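Encoded as structure tokens, the structure appears first; notes follow it.
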Amino acid sequence: MHPHISAFPSKTFYGGRLRDGGDMASKTRRDWHTGGIFSPYSMTHVEGATEARSGTSWKNPLEAITAADFDALLETEHPRSANFQYSIGIITPYKAQVSELTKVFCARFGKAVLNSVTIDTVDVSPSCLLYGA
């Protein structure tokens, strides 16, 4: 993984002892990492977003729409980097949000978007791996 992604767990859980594989910064470098909202690791606060209970889980439709907006913006701003396959991951703590994100992304971009955007929970299970397939 990119060193910007591994920095948090290394510092927080491993006292800075977690090490990246050889030359991961250059191996994982992408054109869109040069700054702004498309750095290797980012979190965004969505103003006005509210969570809704879905069974025993939670979802946030406005956050799902915002994530799809970011994806569209990324592809608009970086068209020469057209191959985003397996380069974009959206991680959420809630299974209902995985469902909401998948629904929004497929409605907006078609089911093929699942070839370039991975949407999953922090706890990956075999059933989650098949989601949206």
Subject >> Members of the stretch 31-73 that are in contact with a Phe, Trp or Tyr (Cβ under 8 Å, 6 or more places away or on another chain), at pLDDT below 85 and not small (Gly, Ala, Ser) >> reply: TRP32, ILE37, PHE38, TYR41, THR44, GLU51
Subject >> Subset of the stretch 30-55 (residues that are free of Cβ contacts under 8 Å to residues at least 24 places away in the same chain and assigned to a loop (DSSP other than H, G, I, E, B)) >> reply: GLY35, SER42, MET43, HIS45, VAL46, GLU47, GLY48, ALA49, THR50, GLU51
Original post:
Can you name every residue in the stretch 96-110 that is of a type in the set (Gly, Ala, Ser) and either in a helix (DSSP H, G or I) or closer than 12 Å to ASN60 by Cα (or both)?
Top reply: ALA96, SER99, ALA107
Subject >> Search result, residues across the stretch 93-118 that are of a type in the set (Ser, Thr, Tyr), in contact with a Gly (Cβ under 6 Å, 6 or more places away or on another chain) and surrounded by fewer than 19 Cβ atoms within 10 Å (Cβ to Cβ) >> reply: THR118
Original post:
Conditions: (1) in a helix (DSSP H, G or I); (2) modelled with pLDDT of 85 or more; (3) not basic (Lys, Arg). ILE5 meets all but one. Number of the miss?
Top reply: (2)
**OP:** Could you please tell me which pairs satisfy a Cβ distance under 6 Å, a separation of 6+ or placement on different chains, a first residue in the stretch 1-15 that is more than 16 Å from PHE38 (Cβ to Cβ), and a second residue that is surrounded by fewer than 11 Cβ atoms within 10 Å (Cβ to Cβ)?
**Re:** SER10/GLY16
Original post:
What number of residues within the stretch 14-70 are in contact with a Ser or Thr (Cβ under 9 Å, 6 or more places away or on another chain), of a type in the set (S, T, N, Q) and loosely packed, with under 13 Cβ neighbours inside 10 Å?
Top reply: 1
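The values are calculated or read from the model by the stated rules, or taken from the named source; none is laboratory data. Since the model is a prediction, treat every value here as computed from it, not as a measurement. Every residue, glycine as well, gets a Cβ built from its backbone with ideal geometry; the counts of neighbours run over all protein chains shown.
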